[in-house]
Amino acid sequence: MELTDKNYENIIKNNEVPVFIDFYSPACGPCQMLTKLIDEKLEKYGEENGVKVVKCDVSSNPRLASAFKVRSVPFTIVVLKDEKLKYPEIGLKHETYYFELIDKLAGKGSFFSRLFT
């Protein structure tokens, strides 16, 4: 799902679950890798585990980029139900980081530890 200046209120302020946001630029190679991961796996995994996963194009949504103080992309952050910001990260991480973060937000054990138990 795409987060924009226009739908921010509905997605963030009126949400009852944590929201994982990926701020990206279409011209950024690492951003495209993370965007692909979100589209192919993370969005569905988050939905199944009570975490909304969204992405925001910083060039099309400068107000949001400014509000979240995005200085470099990819930049990811989580907005909790009470609108507190947690887990800010700059740069592309290994995909296991993102799955484990969703697990943490959902109150579960590690994604990979659950595979082997």
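No lab work stands behind these numbers, since they all come straight from the coordinates. What you are looking at is a predicted structure, and each value in this text was computed from that prediction instead of being measured. With ideal geometry, Cβ positions are generated from the backbone for all residues, glycine too; neighbour counts draw on all protein chains shown.
One table, with the values for the structure above:
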item: Distance (nanometres) between label positions extended 7 Å along Cα→Cβ at LYS81 and ASP39; result: 3.3
item: Per-residue [θ]222 nm for the chain (sum of -39500 (n - 2.57) over DSSP H runs n ≥ 4, rounded to 500); result: -8500 deg cm²/dmol
item: Summed side-chain charge close to LYS36 - residues other than LYS36 whose Cβ falls under 13 Å, Lys, Arg +1, Asp, Glu -1; result: -3
item: Exposed-loop-free span, longest in the chain, where GluC sites (Glu not before Pro) count as exposed if DSSP calls them loop and at most 10 other C-beta atoms lie within 10 Å; result: 17-82
item: Qualifying aspartates and glutamates (Cα of each under 16 Å from Cα of LYS108; at least 8 residues distant if same chain); result: GLU47, GLU48, GLU100
item: Relative compactness, the chain, computed as alpha-carbon Rg over 2.2 N^0.38 Å; result: 1.01
item: Between helix 95-106 and the chain: long-axis angle, C-alpha atoms, 0 to 90°, nearest 10; result: 80
item: The chain: relative contact order in percent, alpha carbon pairs under 8 Å with at least 6 residues between; result: 31
